[in-house]
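Participant: Sending over a structure as structure tokens; questions will come in a sec.
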Amino acid sequence: MYPIISLSITGLLTLFLGFADNKKLVFPLSILFLLLALGLSFVDWNAPGYYFNGMLAVNNESIAFWAIVIVTAILVLSLSEGFDRIEFSQPAEYLAIAQFSLVGAIMMVSYNNLIMLFLGIEILSVAMYVLTGADKRNLRGNEAAIKYFLMGAFATGILLFGIAMFYGATGSFNLDSVSDLMQEGSADALFLWIGCTFMLIGMLFKVSAAPFHLWTPDVYEGAPTIFTAFMSTIVKTAGFVALFKILSSAFNGLGEVWAIMFAVVVLLSLVIGNLGALSQSSFKRLMAYSSISHAGFMLLALLGDHNNALSTILFYSLAYTLATISAFGVLLVVSKERTENGRAYEKIDLFRGLIKENGFLTAVLTISMLSLSGIPLTAGFWGKFFVFSNASGSDFFWLIIVAVLMSAVAIYYYFKPIKEAFDRSGELSTIKINSIFKIIFGITTLGTIVLGIFPDLIRSIF
Amino acid sequence: MFLLLLLLIPLVGALLSFVIGRNEASAKSVAIASSLLSLGVFIYAAAQFTSGSTEIFSFAKPWIASAGLNFKFSADGISVLLLALTSVLVPLIVLSAADKGREKSNVFYSLVLFTQFTLVGVFTAGDLFLFYFFFEAALVPVYFLIINWGGENAPKSAFKMFIYTIFGSLLMLAAMVFLYTKGQTADLEALKSTAALMPAKVQMLLFGAFIIAFAIKMPLFPFHTWQPNAYTDSPATATMLLSGLLSKMGVFGLIRIALPMAPLAANEYAMIVTLLAIVGLIYGSVIAIKQDDIKRLIAYSSFAHMGLMAAGVLSGSVEGIQGAVFQMLAHGVNAVGLFYVAKIIFDRTGTRSLSQLGGISQQAPVLSVLFMIILLGSVALPLTNGFVGEFLMLKAVFEFDKLIGVIAGLSIILGAVYMLRLFQNTMFGEVKDSQLIIADVTGLERLVLVIISGIVLIMGVFPNVILKVSEPAAVTLLDYLSSI
């Protein structure tokens, strides 16, 4: 609860800092604000309770997710060195919007009322629409922002419609009382099913699960890399927790309705994500399709046993976040030196010969790709393992087989950047990395490996 | 406790050689020191093991408490023998990697030691997922060894190998997750009771998933197509690791995972696997006869030999398993020796093509003699190490099915044909390039080859020392299988 208040205030403060003469202060202060919010998150640690008349529910799980979301934001935003670049002509605005978006994310992981869910999704989404188009002079960025906005607004509309139906069926927005009603089975079934379906559509859109994924590649490609990283980590994590909360409480008892729907969505996400990624030549589009396939994996975890699903999502999103930050970070560093038609060059063959130029970056990129593809010794492997063991208790063991086969397909495209990086025939210009980048890469890479060997470090929190 | 040391020494060695090995010499000395230390610790512990304290290699600590997974290691006789193979071969492989002017040699040696770490893990894992963890992790360092220091086509071949093996491993992972969910434990011993009670149909599926994973790793016909390319295009060190040690993970997996976890299916599959093994045996041998590239020839011969081991394991007799275990050791040593000779010849002449080689024995008699000994081991001549394993396995296969046994016996003749052709075309005959001066093996090279040929002879003369170690484990496994 406290981080919501503090981030709202500091977000406004950051906006005003933009008027200051010395713009250099904006960035360090914003990081400080985020750290403050992180610290305030833990005020409620071990003190579960409700806020705002039961609108928000706070417990250790949701605090853990707040922390993940805020830390991710710190890591990602730290990669935004050099405010003189085009996309950062207004750093104060973007940093403020990023803080506001976190407010939305925090609401999404701790809502206890469907209205709060809607508010959280809207706050996060509107912020993301703006950030996607942050680079005002980039045509593709603008196109991506418009696409994202139009489709996103439509999806939110459907979500809201679903919530309204749900309210019609149950007479309440409150998750607790709704789930009580469901237990009694006294709700109007038709409204309930339609409402449930519409709400799921709205939320599956946000986590870019197929067949609601069509915006993903374009938006990922068009958005400035740093906000692509922001989008693919924070929005995903928050979206999955929101999904979990609604599935495990309000839709509890509706299993036969959504489980089949979900199985189809998982199947489509896995197949479309992985097969779609195969033929991509742009690294960001590849990551976009990979994010679709990872959405499939995380949804698979939701299909199984609910007792472990939340810690599985926590682990998976952490593993995915660390690897994604590394990948986009390396892309940022390397693509800065290469431009094509005045824009950063972001094809996969950009990495060709990286091993000769910079062994450290090669290692960071390699480990992040290995983690995304789920090779042991990296966190990604345990993410997959927990998903599989979670889902194996459900009626959908065949989906695990599909997921396993698709993981084999995934190796093919995750190894493309690795192969390019180790290809000694390439020539790269000198790459300079500043120390902030080194620290961030150190954290993400080391985190990936430590979690790959001792996954219980995170799981034991709950 | 000793097991922990065996795991930690290569791991620490890998880190050390990465950190302080800025030049070739220091990286290499770290690698040699670490691998010799492992060997020393192993010999000490193995002495205790053979004198009765079989718990010496056991170690267990909670790992992922929330999922009930443990860092559980335990070793029976078969594991101890494979540990022996690892501990002996890694120092030899490190010693043989004496190339001047290698780039990033610190990374090179650290990857070699890291491979050793994963191998020790695979051969002693007592937990389903610990096994999987190391089984798949073993591929990563070798992949990077190949793409970084391999030949022109290396990235392509390495990638093919990676995709093949990962595909198999992932199928195995699905099977393991299924077992784990059914049994609510990942402990290999505890899982046996769950596995034994599975319906036969389910066991067939499980075994199918396991056998594909292990067949790709060995490799077994028709999953072998990655192997000749990978062996040929890899740097010599990676080829030795692959053929000498990593391929044994497949056979070991059959013994440690596939048989105990799907006991009913083992009999059903025995015929199919044996047939595939024999097809691979003949097919690999025939192709080896036609090869011109030395490395390719040895690669196909290696592929042919691996098939028989799978057939031996599934024959359901003590001789078969014993023979397969013995042959794993023998083949590991011989393959490393043969690939090393191939590397020595290539270093001196610049070619691996049989049609351009000849008459080396005139200038390098010592190399020629040592090569002959290793080669005879591979041909399975009595009193060499190849004979014991082949004989036991052929006996088991013959008892399993007479016709198949006879056909398998042909492979010994074919083996002699391609191996002796290899020897004849390289060592004897006319000198093709009279300008070329071929130095005989000296120093380190000679030391490594003498040790390998020494092992070839000692194993051939005193096979009982080894067979005795693995016998209790083989008998226990068969008792368990027949009790289902």
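Participant: Counting each DSSP H run of 4 or more residues in chain A as -39500 (n - 2.57), what helix-only mean residue ellipticity at 222 nm follows after dividing by all residues, to the nearest 500 deg cm²/dmol? Mind showing how you got there, number by number?
Facilitator: Values: 20 runs with 334 residues, N = 462.
After summing the helix terms and dividing by the residues of chain A, the value is -24000 deg cm²/dmol.
Participant: Roughly how tilted is helix A:283-303, in degrees to the nearest 10 and between 0 and 90, from the longest Cα axis of chain A?
Facilitator: That works out to roughly 30 degrees.
Participant: Over the C-alpha atoms of chain A, what are the Rg and the largest Cα-to-Cα span, Dmax, in Å?
Facilitator: Just the Cα atoms of chain A yield Rg and Dmax of 21.1, 69 Å.
Participant: What relative contact order, as a whole-number percentage, does chain A give when Cα pairs under 8 Å and 6 or more residues apart are counted?
Facilitator: Reported relative contact order: 14 percent.
Participant: Would you mind getting me the FRET efficiency between A:Ile260 and A:Arg343? Use the beta-carbon distance for r and R0 = 51 Å, nearest 0.05. Walk me through the intermediate numbers first.
Facilitator: Numbers: r = 44 Å, r/R0 = 0.86.
So the FRET efficiency works out to roughly 0.70.
Participant: Would you list the P(r) distribution for the protein assembly as shown, with all Cα-Cα distances sorted into 10 Å bins from 0 and each bin expressed as a whole %?
Facilitator: 2, 12, 20, 22, 18, 13, 8, 4, 1, 0
Participant: Here's something else I'd like to know. Could you tell me the largest-minus-smallest coordinate of the C-alpha atoms of region B:334-388 on each of the three principal axes, in descending order and whole angstroms?
Facilitator: 36, 20, 17
Participant: Can I ask one more? Given the alpha-carbon gyration tensor of chain B, what are the semi-axes of its equivalent ellipsoid in whole angstrom, ordered largest first, with each equal to the square root of 5 times an eigenvalue?
Facilitator: On the way: eigenvalues 234, 139, 81 Å².
For chain B, the semi-axes come out at 34, 26, 20 Å.
Participant: For a footprinting-style exposure proxy, rank B:Met309, B:Met1 by other Cβ within 10 Å, fewest first.
Facilitator: Arranged by neighbour count, lowest to highest, B:Met309, B:Met1 become B:Met1, B:Met309.
Participant: Another question about this same structure. As an exercise, identify the GluC sites (Glu not before Pro) in region B:376-478 lying in DSSP coil whose Cβ has no more than 14 other Cβ atoms within 10 Å.
Facilitator: Filter output for region B:376-478: B:Glu430.
Participant: Determine the shape class of region A:116-182: with a ≥ b ≥ c the square roots of the Cα gyration tensor eigenvalues, call it rounded for a/c under 1.5, and otherwise prolate if a/b is greater than b/c, oblate otherwise.
Facilitator: Prolate shape, in that a/c is at least 1.5 and a/b is the bigger ratio.
Participant: Going by the alpha-carbon gyration tensor, a ≥ b ≥ c the square roots of its eigenvalues, is region A:225-280 rounded (a/c under 1.5) or, if a/c is not under 1.5, prolate (a/b greater than b/c) versus oblate? Intermediate results must be reported in sequence, preceding the final value.
Facilitator: Details: a/c = 6.20, a/b = 1.39, b/c = 4.47.
Note, shape of region A:225-280 comes out oblate.
Participant: Rounded, prolate or oblate: which one fits region A:351-448, using the alpha carbon gyration tensor with axes a ≥ b ≥ c (rounded when a/c is under 1.5, else prolate when a/b beats b/c, else oblate)?
Facilitator: oblate
Participant: How do B:Thr194, B:Thr237 line up, fewest other C-beta atoms within 10 Å first?
Facilitator: With the sparsest Cβ surroundings first, the list reads B:Thr194, B:Thr237.
Participant: Calculate for chain B the 222 nm mean residue ellipticity that helices alone would give, adding -39,500 (n - 2.57) per DSSP H run of length 4 or more and normalising by residue count, nearest 500 deg cm²/dmol.
Facilitator: Computed mean residue ellipticity for chain B: -25500 deg cm²/dmol.
Readers should treat all values here as calculations from the given coordinates under stated rules, not as data from a laboratory. None of the values given here were measured: they were computed from a predicted structure. All Cβ positions, glycine included, derive from the backbone under ideal geometry; neighbour counts span all protein chains shown.
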